[in-house]
1. About the Cα centre of segment 5-151, how large is the charge dipole given +1 on each Lys and Arg Cβ and -1 on each Asp and Glu Cβ? Please answer in debye to the nearest 20.
2. Setting aside same-chain residues fewer than 8 positions from Lys86, which lysines have a Cα under 29 Å from its Cα?
3. Which distance in nm do the two modelled labels at Ala161 and Lys37 give, with both placed 7 Å along the Cα-to-Cβ direction?
4. Give a quick list of GluC sites (Glu not before Pro) in segment 26-112 that DSSP marks as loop, anything other than H, G, I, E or B, with at most 12 other Cβ atoms within 10 Å.
5. Quick check for me: using +1 on Lys/Arg Cβ and -1 on Asp/Glu Cβ, what's the dipole size of segment 74-167 about its Cα centre, in debye to the nearest 20?
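All of the numbers you see were taken from the coordinates with simple rules; none came from a lab. None of the values given here were measured: they were computed from a predicted structure. Heads up, the Cβs are rebuilt from the backbone with ideal geometry, glycines too, and the neighbour counts pull from every protein chain shown.
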Amino acid sequence: MSEETELDQIDARLLRDVFGCFATGVTVVTSLGENRKPVGLVVNSFSSVSLDPPQILWSIGLNSPSREAFCAHDGFAVNIMGAGAKDETMRFCNPAEDKFSGVDWWAGHYGVPVLRSALATLECRTEKRIISGDHEIFIGRVLRVDHQDVAPLLFHRGRFAEMGEAL
């Protein structure tokens, strides 16, 4: 170990660096906002919860400008992004007036946006929301799924990556 820190003294930057050591897949979570305008953001805090009933979870920062839309509409889609969709995924990383401009999508269950470039999609209904620390955790019931056989887009140490050779 290169650096050991007591839990009550953890610096936010150090903690972010440690979290970044865990490679994750990349998702774009989408829903509908005011006037049914599509909203979406990149999320790597995504996990399966249960097979029976089928549930997943993801979280959003309490200060995120998109949070209100996800709280107001109980339908959402988790779009698991493929390696070839890095540029499209980047559109959802930063605040923008219209993140969906030029993005190929269709209206799924509840009318929420489903991205055609996703390697897998889970269309969900919010079952529970839990505020913990500076984030709100959404637990969703999976209603519909789809997937294709392509390589995933990954995120590791603050950068997008592609999967290497399988071991």
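1. Here segment 5-151 has a charge dipole of around 320 debye.
2. Answer for Lys86, where 29 Å is the Cα cut-off: Lys37, Lys99, listed by chain and number.
3. Modelled inter-label distance: 3.7 nm.
4. When the GluC sites (Glu not before Pro) of segment 26-112 are filtered for loop state and at most 12 Cβ neighbours within 10 Å, Glu97 remain.
5. With only Lys, Arg, Asp and Glu charged at Cβ, the dipole is about 200 debye.
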